[in-house]
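The values are calculated or read from the model by the stated rules, or taken from the named source; none is laboratory data. The structure presented is a predicted model; accordingly, all values stated were derived computationally and were not measured. Here the Cβ positions follow ideal geometry from the backbone for every residue, glycine too, while neighbour counts run over all protein chains shown. Side chains included, ligands, DNA and RNA excluded: accessible areas come from the protein's heavy atoms. Shrake-Rupley method; radii C 1.70, N 1.55, O 1.52, S 1.80 Å.
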Amino acid sequence: MRRHILATATVAVAALSLAACGTTEPSSDDAAASAKPAGKITLTDAKGTKVTLDGPATKVVATEWNVVEDLVALGVAPVGVADVKGYTAWNTAAPLTGTPKDIGTRGEPSIDTVAALAPDLVVATSDLSPAVVKQLRKVAPVIEITSADAADQIGTMTEGLDLIAKATGKESESAALKKDFDTSLAEGKKALADAGLGGAEIASADGYVASNQVSVRAYTSGSLLGAVNEKLGLKNAWTVKGDESYGLATTDVEGLTGLGDVQFTYVANDADGDAFAGPLAKNAVWKSLPFVKAGDVHRLPDGVWMFGGPRSMEAYIDSLVDALTK
Amino acid sequence: MAVIEKTAVGRDRSVAATTGAVAVTATLVLLVMVLAAVDITQGTADVGASEVWDALTGNAAAGDSSVVIASRLPRMVAAVLVGVALGTAGAALQAVSRNVLASPDTLAVNAGSYLALGIIAVTGVSLPLLASSGAAFVGGLAAAAVVLGLSGLGKGTVRLVLAGTALALGLSAVTEALLLLFPQETEGLYSWNQGSVGQNGFDAVVQMAPVVVVGLAGLMLLARRIDALALGDDAARGLGVPVRGTRVTTVVVATLLSAAAVTLAGPIGFVGLCAPALVRPLTRRFRGLVRSRVSLPVAGLVGAALVLGSDVLLRAVVPADTAVEVPTGVVTTVVGAVFLVVMALRLRDTASAEAPDRLRIPSRTAFLVTVVALAVALVGVLVAAVLLGDAKLLLGDVMNWAQGRAGRVVTFVLDTRVPRVSAALLAGGALALSGTLVQAVTRNPLAEPGVLGVSGGAGLGAVLLVTTVQSPGSWEIAGAAFGGAAVTAAFVFGLAARGGFQQNRVVLLGVGVSAAAAALISLVIVLSDPFDTTKALTWLSGSTYGRNMPDVVPVAVVLVLGILLAVTRRRELDLVALDEDTPRLLGMGLPRARLGFLVVAVLLAATAVAAAGTIAFVGLVAPHAARALVGRRHVRVVPVALLLGALLVCLADLAGRTVIAPAQLGAGLMTAVIGAPYFIYLLVRTRR
């Protein structure tokens, strides 16, 4: 019995070795170093790392959806994107262009796959662990973007966009995007004021139901949606404290009783179901809430990524104004 | 005359016994009521005691009363139902298996139910509650059937816990893999996994209450037969009690109860194990509690008090807003773990180490053939591990890379892949050796760094450092892991040593501590980084993801030291593993030798955790399998266990990186998926 195992193993290893000989790529002495065009780009990323590029990056890999959106919005089709399927479901404001390769999950992108793509720039975010960034730096130049910072979400968003624009040589596109965003904000603010909603209290949320427990995620004033709401002249009604980067807080249905008479907007996605219209609709606490009674509960359309870039936020402003002024 | 006196005394006793039992029950009912009253005054809404009173008397504002009726009361009732169901189920399972460690947790019932619910979540089908409860029941029952089928009812604690732990690990690994693969679909399921009694209205409670009542009634009907089983199978048969039928029915009913609890609140850890354990000392004092008809409901009440108490404690200690994020199950697990440790220390059960498995002693040739076969297999796996991945390479690429003249892509790929393969190889070897040493010192085939909580302690140490310090270095992480491991090891071994490493005591202590460590890791991550469950899962599931070469150095250094020690001290190791007396007769300093081996074992486990996260199973399977293959002499066991451990983790890492590429699964998940069936096969094969 054991001898059989031994024999089989030996044959297997021998076969494997034979089959595995040869190379998939010529060794570096064979490949003549091709001359790169001049026009180096030097920039300092959000973590303070100095990154030098030989020229505007075109083969770009992105590890988070917000930077994917920035790239797409700037007119750069990324070659590698984390969780393509998820992005397609959650971000329709800036649909993917080209046919990017899926590099795995956002939390743990496959470094093998990124390496095999041989990109000339990897855009990572502060959510990726330092050890992984260190590995990615061996593969290609990496710029790290701050994903979110509760102290200044809009500033963080535009800084990230500018960094990516600089690395890809799309600075004029970036300026145009920012201008569009500002216009959108101003128009939205005016539309809301005209509808008599200036200074109205708003609470944005999303929610999940697992088994029979509902958890509500509050977008406090430190969140990106919260910041945009305030720019639109609305007042954030959440009193719970959000986390330091995303400005999110978890609460339950009871926690909604402190909100009072507000405009309640929530994000859901058909891919995951709607906790508010579904399991919560029959809940007595929910039904007793003043904004539920007044019909001031609004589901925002699918595909507006709550942590995205200017494109997502413009889509958000449009849908919010639509919902509130209807 | 004498006869009359005897009956008088007997009647006195039974009266005293009854009053005692009544007093205990009344006290518990009162305790549960007080806790329930406190529980409904706590929550995120601004509804305190006076508003609750107004609401209950019908004088409150509509908003307040709806909070009480649709949120507070359902949560309180759910906590009571869950506690009663789990406590009773645990007591019944322990009674019919005559095993103090039987419970929904150790029979893998919770893990089976969790997997069933996980599969449903992934398919995105939203089932009505009773249907998902049915699925949880089927999953739990299947798991319990497998465990009991493999371990045999009433045939000793060790086999049951071995089979249960193995299956639970395997099943939760599959569930966790689902969570990693379908993060959106399973959002919320991770914290739900820790168990939380919060409810969305009364619906679920109203649907589950009848199930619990039916389960309790069923157990009450079975109570007399369960008592008969306590006398032993033959005596029970003599009384005309169908032994097999009673066991099967009781297990099915107990599973139904735990499934109802899981559906209501997720797996609330340890209540089923603790509640009966807390009743047992009471039984000794109040003889009236001996009968199952009394002791089962009392265990249920204790269970309710445990769950409610944890919920109250949590909200009393942390502000309500934060408390929402902390699953109740984390608290019951920590509370339960403390009780478990206390119970373990009071355990008077003298079931010392079982007679060592009678193993044939294979010839020298057989040993050599085994070593060569394993070495060849390991080389094969290593070659495959280096070549395979999202980017398939060929050996020539590796040659080029080794000589530093590979092309750009190959260099990138191998620069990141080789550290991962090395981490898997070394962590596997280190865990196997650590398990071998611990099993020798404790003379306990169940003991391994994972089961004993040492790996969990190491993980906790590392997670604390990673969440508090910005980008710590490899040696710092290894140091923090060692700190955590050393504290848990000192605790577990220190307490276990007092009983001469008694089988049950060591396992109880270890199970308690490792569960507490896992719960605390979850707690640290929930509180510090609530929206990054991937990070939590990666740490808890053991992964070589993102390892760089320097991260591997600590484990390599310690492994070399460990191997040197095991080789030079192989005879002492044999003696320590033999029995208590022989080493003393030979003039060996037994305590010092034990301590030395344990320190090395802890170092090995800690550095392995720092390199690859908490990987369970390897330290259990590798030495066990090695002994089965080549006998119990350490000169043979050590090399075979090392090879097996390295092989297992490398294979797991390879599979985790490639099977669902470009997404990845942790090596720890894969060792459990690969290791569980193998381990169960071993259990079946060694059954006599």
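Given Cβ point charges of +1 (Lys, Arg) and -1 (Asp, Glu) and nothing else, what value in debye, to the nearest 20, does the dipole of chain B about its Cα centre take? Intermediate results must be reported in sequence, preceding the final value.
Details: 49 positive and 35 negative charges, 622 e Å.
Dipole magnitude for chain B comes out near 2980 debye.
Using a 1.4 Å probe, what is the accessible area per residue for the protein assembly as shown, in Å²?
39
Give me the compactness ratio for segment B:557-612, meaning the Cα radius of gyration over 2.2 N^0.38 Å. Walk me through the numbers before you get to the answer.
Numbers: Rg = 12.8 Å, N = 56, 2.2 N^0.38 = 10.2 Å.
Relative to the rule-of-thumb radius for its length, segment B:557-612 sits at 1.26.
For the chain pair B and A, the interface hides roughly 6000 square angstrom of accessible area in total, found with a 1.4 Å probe.
Extents of segment B:539-688, taken as max minus min of Cα coordinates on every principal axis and listed largest first, are 59, 43, 22 Å.
For chain A, what is the per residue volume of the convex hull drawn over the alpha-carbon atoms, in cubic angstrom?
Numbers: hull volume 57.4 nm³, N = 326.
So the per-residue hull volume is 176 Å³.
For segment A:150-204, the square roots a ≥ b ≥ c of the C-alpha gyration tensor eigenvalues yield an a/c of 1.5 or more together with a/b not exceeding b/c, which makes the shape oblate. Answer with one residue from A:G309, B:A131, A:V61: the one whose Cα lies farthest towards the positive end of the charge dipole of the protein assembly as shown, charges on Cβ with Lys, Arg +1 and Asp, Glu -1. The residue sitting most towards the positive pole is B:A131. Taking the centroid of alpha carbons for each part, segment B:456-476 and segment B:41-79 are 42 Å apart. Stretching the chain fully between B:L30 and B:R498 yields a gain of 164.8 nm (0.36 nm per residue, less the alpha carbon separation). Can you compute the FRET efficiency between A:A294 and A:A176 using 1/(1 + (r/R0)^6), with r the Cβ-Cβ distance and R0 = 56 Å? Round to the nearest 0.05. Efficiency, from the Cβ-Cβ distance: 0.90.
Using only the alpha carbon atoms of segment A:246-296, find the Kirkwood hydrodynamic radius as the inverse mean reciprocal pair distance, in angstroms to one decimal.
Numbers: mean 1/r = 0.0835 Å⁻¹.
Across segment A:246-296, the inverse of the average 1/r is 12.0 Å.
Residue pairs exceeding 28 angstrom between C-alpha atoms, taken from A:K166/A:K231; A:K138/A:K178; A:K59/B:K392: A:K138/A:K178.
Need the C-alpha centroid separation for segment A:151-179 versus segment A:58-113, integer Å. Cα centres, segment A:151-179 to segment A:58-113: 17 Å. Structural descriptor for segment B:593-648: relative contact order 28 percent, calculated from alpha carbon pairs under 8 angstrom and at least 6 residues apart. Tell me the net charge near B:A672. Cut-off is 15 Å between Cβ atoms, B:A672 excluded, with +1 for each Lys or Arg and -1 for each Asp or Glu. Charge balance in the 15 Å sphere: -3. Going from the isolated chain to the complete set of protein chains, segment A:163-212 loses at least 10 Å² of heavy-atom accessible area (1.4 Å probe) at A:Y208, A:A210, A:S211, A:N212. Computed from Cα positions, the angle between helix B:129-151 and the longest principal axis of chain B comes to roughly 60 degrees. Per residue, the convex hull spanned by the Cα atoms of segment B:573-641 amounts to 92 cubic angstrom. Projected over every direction and averaged, the convex hull enclosing the alpha-carbon atoms of chain B yields 34.8 nm².
Mean sequence separation of contacting Cα pairs (under 8 Å, at least six apart), scaled by the length of chain B, corresponds to a relative contact order of 18 percent.
Considering Cα pairs under 8 angstrom that are at least six residues apart, work out the relative contact order of segment B:609-688 and quote it in whole percent. Answer for segment B:609-688 is 34 percent. Shielding by partners for peptide B:664-675, expressed as the average number of C-beta atoms from other protein chains within 10 Å of each residue's C-beta, is 1. Note the angle between two axes, namely the Cα long axis of helix A:310-325 and the longest principal axis of the Cα atoms of chain A, as a number of degrees from 0 to 90, rounded to the nearest 10. Between the helix axis and the principal axis of chain A, the angle is about 20 degrees. Placing +1 on the Cβ of every Lys and Arg and -1 on the Cβ of every Asp and Glu, with no other charges, gives the protein assembly as shown a dipole of roughly 5520 debye about its Cα centre.
Can you divide the C-alpha Rg of segment B:193-332 by 2.2 N^0.38 Å and report the result to two decimal places?
On the way: Rg = 17.4 Å, N = 140, 2.2 N^0.38 = 14.4 Å.
Here the answer is 1.21, to two decimals.
If I take all pairs of Cα atoms in segment B:261-321, what percentage of them are more than 17 Å from each other? Present the calculation step by step, with values, prior to reporting the outcome.
Details: 884 of 1830 pairs.
That tail contains 48 percent of the Cα-Cα pairs.
With the biggest extent put first, the Cα atoms of segment A:152-305 measure 54, 37, 28 Å across the principal axes.
Interface residues of segment B:65-104, defined as a loss of at least 40 Å² in heavy-atom accessible area between the chain alone and the complex of all protein chains with a 1.4 Å probe, are B:S66, B:A70. Assuming 0.692 mPa s and 37 °C, estimate D for segment B:403-497 with Stokes-Einstein, Rh taken as the Kirkwood radius over Cα pairs, in µm²/s. Rounded to a whole number, D works out at 213 µm²/s. If you line up the long axis of helix A:130-139 against the longest principal axis of chain A, both from Cα atoms, how many degrees apart are they, to the nearest 10? Helix A:130-139 and the main axis of chain A meet at about 50 degrees. The alpha-carbon positions of segment B:599-688 define a convex hull whose volume is 97 Å³ per residue.
Dimensions of the protein assembly as shown based on its C-alpha atoms, expressed as ranges along the principal axes with the largest first, amount to 110, 84, 42 Å. Taking the accessible area of chain B, probe 1.4 Å, and keeping the other protein chains in place, the carbon and sulfur fraction comes to 67%.
Report, please, the projected area of segment A:257-325 averaged over directions, based on the convex hull of its C-alpha atoms, in nm². Write down the numbers at each step before the final one.
Working: hull surface 20.4 nm².
Projected area, direction-averaged: 5.1 nm².
Taking amide H as placed 1.01 Å from N in the peptide plane, A:I145 has its amide H under 5 Å from the amide H of A:A124, A:T125, A:S126, each at least 5 places away in sequence or on another chain. The sum of -39500 (n - 2.57) across all DSSP H runs of n ≥ 4, divided by the residue count of chain A, sets its helix-only mean residue ellipticity at 222 nm to -12000 deg cm²/dmol. Measuring nothing but protein heavy atoms, the accessible surface of chain A at 1.4 Å probe radius is 55 percent carbon and sulfur.
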